[in-house]
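Peer 1: Okay, here's the structure, questions in a sec.
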Amino acid sequence: MKRILVTGGAGFIGSNFIKYFLKHITCEILVNLDALTYAGNLENLSEIEEETCYIFKKGDIRDHGLLDQLFLQYQFDTVVNFAAESHVDRSITEPETFLTTNIIGTQALLETTQKHWSKQAGNKYCREYREGVKFLQVSTDEVYGALGKEGLFTETTPLSPNSPYSASKASADLIVKAYYETFGLPVNITRCSNNYGPYQFPEKLIPLMIHNCQVDEPLPVYGDGLQIRDWLHVEDHCSAILTVLEKGGVGEIYNIGGNNEKANIEIVNLILETMGKDKGLIRYVKDRPGHDRRYAIDNTKITTQLGWKPSHSFEQGIAETIAWYLANKNWMQNITSGVYTQYYEKMYQF
Ligand code: NAD
Ligand code: TYD
């Protein structure tokens, strides 16, 4: 794991992963390929941009020519694909880019990787690859669809996505599987639950609520607020990805989660309480169409087979996260004063 391509590394999880990776692994080259969409923010990486092995490249994972050039130049042995359109609400209003980036983009990346790692470039029937190479697809628990009151998602739960976002991620997973089955490409897929932590774009539940509390704006809770998500600190997601890169069986899928189910309204109330704000800020708004009721992960496979476990308790993690957003008001302000504001106004008309 010394010459790594990270895609989507200017986003929330990708930027946390790059910093985590550089802290734990000695690497020769880490190239961060990111198109810098509205969600990509180089400020997330300011503390490591001077690292000698770190190279940022602005570009699109759908660009075969660019991918080819990067593989030739840097001879990667590891690819971690975070690049994606990631917000369910945006996938309802603008589904097309979800399909092109999340599906076609993943296929472009797989195709280039397969060509450059194959012991016989150009021979699609050659299933032999360079030693020690791995492609990791960062997927999501949302590919499994919604749970009722009981049960957990395991790696064998059938895919049943409900939003254009989750359908595009499920499609990407199937393309990754196809490159493993057909070409023998050494891959892993990870499916993580909802992440929280520093540097998350304030369109997602937790940073949006923290920001609105800060500026005394209403807190928009969809439907009855009783939908359940299984929250994991982003650093625990990063440690799980590193564990899978190092120890994951070739072709295997690993669910990642910390057994931490919370209803949305519980999270909103906790943020209000921690920030000393009044519950009167809560506004119940129209529900998201096709809103998945409950997600919950069975993490038995990664914990028992690979020995991974989360290190952040939710109570401490959320308190630290709120404190981080309060201590980094400029980071939030730089976002909320830009493109985000126009998007925000379109989404929420109070
Ligand atoms: P994000 O939206 O914060 O970041 C996505 C990054 O990808 C941005 O930097 C963006 O500029 C970049 N990008 C988008 N389209 C691109 C393209 N065509 N080419 C190159 N770069 C492009 O997303 P995130 O929350 O950091 O999620 C990262 C990955 O993790 C996604 O694949 C997502 O599906 C998955 N995931 C997220 C969560 C979560 O809770 N946020 C949970 C499980 C899995
Ligand atoms: P989100 O952070 O968008 O993640 P996902 O939809 O991928 O799980 O939303 C988390 C939950 O919070 C989800 O049930 C939708 C809900 N939600 C609100 O109630 N209000 C909001 O303004 C947002 C952004 C989300």
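Peer 1: Could you work out the equivalent-ellipsoid semi-axes for the chain, taking the square root of 5 times each eigenvalue of the Cα gyration tensor, largest first, in whole Å? Show your work: numbers first, answer last.
Peer 2: On the way: eigenvalues 219, 96, 73 Å².
Value: 33, 22, 19 Å, ordered largest first.
Peer 1: How far, in degrees from 0 to 90, does helix 64-74 lean away from the longest principal axis of the Cα atoms of the chain, to the nearest 10?
Peer 2: 70
Peer 1: Nearest 0.05, what FRET efficiency do L226 and K2 give at R0 = 35 Å with Cβ-Cβ as r? Provide the component values of the computation, followed by the final result.
Peer 2: On the way: r = 47 Å, r/R0 = 1.34.
So, using R0 = 35 Å, E works out to roughly 0.15.
Peer 1: Here's something else I'd like to know. Say a paramagnetic label sat at a point 7 Å from the Cα of T93, along Cα to Cβ; which residues of the range 38-55 have their backbone N under 20 Å from it?
Peer 2: Residues 38-41 fall inside that zone.
Peer 1: In whole percent, what relative contact order does the range 43-167 give with Cα contacts below 8 Å and a gap of six or more residues? Please list the in-between numbers first.
Peer 2: On the way: 124 pairs, mean separation 34.9, N = 125.
Reported as a whole number, the value is 28 percent.
Peer 1: May I ask which of K19/K204; K2/K58; K19/K57 have a Cα-Cα span longer than 28 Å here?
Peer 2: Pairs exceeding the cut-off: none.
Peer 1: Something else about it: Among N41, W117, C53, whose Cα lies farthest out toward the positive end of the dipole of the chain, if unit charges sit on the beta carbon of Lys, Arg (+1) and Asp, Glu (-1)?
Peer 2: So the residue we want is W117.
Peer 1: Could I ask something else about it? Contact order normalised by length for the chain, with contacts defined as Cα pairs under 8 Å and 6 or more residues apart; what percent is it? Let's see the in-between values first.
Peer 2: On the way: 629 pairs, mean separation 58.9, N = 350.
Normalised by residue count, the contact order of the chain is 17 percent.
Peer 1: Here is a further query. Using 7 Å Cα-to-Cβ label points, what is the H291/K247 separation (nm, one decimal)?
Peer 2: Taking the simple label geometry, H291 and K247 are separated by 3.9 nm.
Peer 1: Residue separation times 0.36 nm, minus the C-alpha to C-alpha distance between Q333 and C126: what's the value? Display every interim value, and only then the final one.
Peer 2: Values: separation 207, 0.36 × 207 = 74.52 nm, distance 5.16 nm.
Taking 0.36 nm per residue and subtracting the Cα distance, the gain is 69.4 nm.
Peer 1: Quick one: grab the alpha carbon gyration tensor of the range 15-84, order the square roots of its eigenvalues as a ≥ b ≥ c, and give me rounded if a/c is under 1.5, else prolate or oblate depending on whether a/b is larger than b/c. Could you put the intermediate results ahead of the total?
Peer 2: Details: a/c = 1.83, a/b = 1.14, b/c = 1.60.
Note, shape of the range 15-84 comes out oblate.
Peer 1: Okay, next question. Treat each spin label as a single point 7 Å out from the Cα along the C-beta direction, and report the T300 to K119 distance in nm.
Peer 2: 3.7
Peer 1: Rounded, prolate or oblate for the range 1-130? Axes are the square roots of the Cα gyration tensor eigenvalues, ordered a ≥ b ≥ c, and the cut-off for rounded is a/c under 1.5. All intermediate terms of the calculation are to be shown ahead of the outcome.
Peer 2: On the way: a/c = 2.19, a/b = 1.11, b/c = 1.97.
It comes out oblate by the Cα gyration axes.
Peer 1: Output wanted: per-residue J couplings in Hz (rounded whole) for the range 315-330, from phi through Karplus 6.51 cos²θ - 1.76 cosθ + 1.60, θ = phi - 60°, x for Gly and Pro.
Peer 2: Here the 3J(HN,Hα) series is 4, 6, x, 6, 5, 5, 5, 4, 4, 5, 5, 6, 7, 10, 4, 5 Hz.
Peer 1: Angle, helix 12-24 long axis vs. longest principal axis of the chain, Cα atoms, 0 to 90°, nearest 10?
Peer 2: 60
Peer 1: Please state the shape class of the range 139-179: rounded when a/c is under 1.5, otherwise prolate if a/b exceeds b/c and oblate if not, all from the C-alpha gyration tensor. Mind showing how you got there, number by number?
Peer 2: Values: a/c = 3.08, a/b = 1.58, b/c = 1.95.
Since a/c reaches 1.5 but b/c is at least a/b, the shape of the range 139-179 is classed as oblate.
Peer 1: Let me ask something else about it. Which of the peptides 280-293, 158-171, 35-48, 185-198 is most tightly packed, and how do the rest follow, going by the mean number of other Cβ atoms within 10 Å of each residue? It would help to have the intermediate numbers written out before the result.
Peer 2: Working: 280-293: 13.6, 158-171: 20.6, 35-48: 17.3, 185-198: 23.4.
Per-residue mean Cβ counts within 10 Å order the peptides as 185-198, 158-171, 35-48, 280-293.
Peer 1: Assuming 0.36 nm per residue, please report the length gained on full extension of the stretch Q75 to E50 beyond their Cα-Cα distance. Intermediate values should be presented prior to the final figure.
Peer 2: On the way: separation 25, 0.36 × 25 = 9.00 nm, distance 2.15 nm.
In short, 6.9 nm is gained.
Peer 1: Could you calculate the FRET efficiency of H64 with D216 from 1/(1 + (r/R0)^6), where r is the beta carbon distance between them and R0 is 51 Å, rounded to 0.05?
Peer 2: Values: r = 48 Å, r/R0 = 0.95.
It comes out at approximately 0.60.
Peer 1: Using alpha carbons only, how many degrees (0 to 90, rounded to 10) separate the axis of helix 264-274 from the longest principal axis of the chain?
Peer 2: Approximately 70 degrees, to the nearest 10.
Peer 1: Need the full-extension length gain, N259 to W324, defined as separation in residues times 0.36 nm minus the C-alpha distance. One decimal, nm.
Peer 2: Details: separation 65, 0.36 × 65 = 23.40 nm, distance 2.34 nm.
My answer for the length gained is 21.1 nm.
Bear in mind these aren't lab numbers, they're just calculated from the coordinates by the rules spelled out. Nothing here was measured: the structure is a model prediction, and the numbers come from that model. Cβ coordinates were reconstructed from backbone atoms using ideal geometry, including for glycine residues, and neighbour counts include every protein chain displayed.
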